[in-house]
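J.: My questions all concern the structure below.
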Amino acid sequence: MTPALHSRNFWILTLAALIVAGGTFSLGQWQLSRASQKEAVQAEINAKTNLFPLDGRALSASENMPAEIYRQAVLQGVWQAERTVYLDNRPMNGRSGFWVLTPLRLESTGRVIVIQRGWAPRDFAERSRLPPVITPAGVVVVRGRIAPPPSKLYEFKGVDTGPIRQNLDLPAYREEIGSLLFEQVSLLQTGAPSEGLLREWAAPNLGVDKHYGYAFQWFGLCLMVVILYVWYQIILPFRASLRAQRGD
């Protein structure tokens, strides 16, 4: 055993290396666990998309509305065109504009659901001008997938009430329009562009690859600590000891 193995610094560095290597290895394992959890959720989402589409009656009868999120749906009803809301600063394909939301009164039950109908560009020369969106009258059939309420952006002022808004809070919107509105879900309308709207929504992405990337980084750091420790604390002192013995 070389003299370096008996030194106080050796044991301090050994303890530090064990702590760092153990910590980074544990963090890598945790990232793999998070990836596994999200893969299970993604598999559940994929399974939901393959279920038979919900209609208005089945959706209204659901006792666990959030559990229906990501299921396909085919809803029949009448647009509440006068209640259309334009969410500002919403991107699609790298362009900023409006997400157009219109309530749909279901023909089968009378319940109302907010439809995220699609994206429309904004007139930046005249910011108060609304895009030319076509809203058919009478009974329509809308296809899409059940989605959470529209995502929220930071608000610099109080709650908006006009057609152009930063966010839409569904419980508050229900009070505003005075109808039996679904508060926990909306419908993300899918399909080809129509009615002046694009519908190239991003696919649900839980960021599984991100966790694998982080895990690789943590395991790489752990391996680097081990290699540096073995090289500087064991191999180099051992070689120095051999050279010293040969010199003797």
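J.: Please give the contour-minus-distance gain from E44 to V230: 0.36 nm per residue of separation, less the Cα-Cα distance, rounded to one decimal in nm.
T.: Values: separation 186, 0.36 × 186 = 66.96 nm, distance 4.48 nm.
Computed gain between E44 and V230 is 62.5 nm.
J.: Over the chain, how many pairs of lysines fall under 24 Å by alpha carbon, counting only those 8 or more apart in sequence or from different chains?
T.: Details: K38/K48; K38/K152; K38/K210; K48/K210; K152/K210.
Lysine pairs meeting the criterion: 5.
J.: Let me ask another. How big is the antiparallel share of DSSP beta bridges in the chain, given as a percent to the nearest 5?
T.: Just about 85 percent of them are antiparallel.
J.: On to the next question. Taking Cα Rg over 2.2 N^0.38 Å straight from the coordinates, which label in [x] 1.11; [y] 1.63; [z] 1.06 is the correct one?
T.: Of the listed options [x] 1.11; [y] 1.63; [z] 1.06, [y] comes from this structure.
J.: Additional query: When ranked by the protection proxy of mean other Cβ atoms within 10 Å per residue, highest first, what sequence do the peptides 203-214, 77-88, 172-183 form? Numbers along the way, then the final one.
T.: Numbers: 203-214: 13.6, 77-88: 18.1, 172-183: 15.3.
Result, highest mean Cβ count within 10 Å first: 77-88, 172-183, 203-214.
J.: Run lengths n ≥ 4 of DSSP H only: what is the helix-derived mean residue ellipticity at 222 nm for the chain, with -39500 (n - 2.57) per run over all residues, to the nearest 500?
T.: Numbers: 5 runs with 90 residues, N = 248.
Rounded to the nearest 500, the figure is -12500 deg cm²/dmol.
J.: Report the one residue of S241, V208, A192 whose Cα lies farthest in the direction of the positive end of the charge dipole of segment 179-248 (charges on C-beta: Lys and Arg +1, Asp and Glu -1; origin at the Cα centre).
T.: S241
J.: Further, regarding this structure: Counting only DSSP beta bridges with both residues in segment 1-137, what percent are antiparallel, rounded to the nearest 5? Write down the numbers at each step before the final one.
T.: Working: 18 of 19 bridges.
Just about 95 percent of them are antiparallel.
Readers should treat all values here as calculations from the given coordinates under stated rules, not as data from a laboratory. Owing to the predicted nature of the structure, the values given are computational and were not obtained by experimental measurement. So basically every Cβ, Gly included, is an ideal-geometry build from the backbone, and we count neighbours across all protein chains shown.
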